[in-house]
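Notes for the one structure printed next.
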Amino acid sequence: MITVKEDTTLVGISELRDKAKVEDILKTAKKRRVVIEKRHKPVAVLLSMEIYEQLEQLIDLIEDQTLGKEAKARLKQKKKPLSIEAFEKRIGLV
């Protein structure tokens, strides 16, 4: 485990095999992001639940704002509103 920045620690995937190291890694993830590497390439990021939930809320807020802007634009153009599924497909989420 190597801390590369104040808020980021790198962990080799092989370190996840050692139960004692996993406990340390989980403690570290509560304080800062942990980047898991395989052959010195990032493959995953481990975050605390608090940070993950904040990211989820931010994504929801951005989606809501985007949907609202699209709805207003369609109303101005007097077009039929899109379903959520059609909108997600339109912007590439599906």
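The values are calculated or read from the model by the stated rules, or taken from the named source; none is laboratory data. Quick caveat, the model's predicted, so the values are computed rather than measured. Note that each Cβ is placed from the backbone with ideal geometry, even for glycine, and that neighbours are counted across all protein chains shown.
Could you tell me whether Val35 is surrounded by 12 or more Cβ atoms within 10 Å (Cβ to Cβ), under 30 Å from Glu15 (Cα atoms), in contact with a Lys or Arg (Cβ under 6 Å, 6 or more places away or on another chain) and not hydroxyl-bearing (Ser, Thr, Tyr)? So Val35 fails the test.
Does the stretch 30-42 contain any residue that is closer than 30 Å to Lys89 by Cα, of a type outside the set (Val, Ile, Thr) and outside the structural domain of Ser83 (by TED's automatic domain parsing)? Yes.
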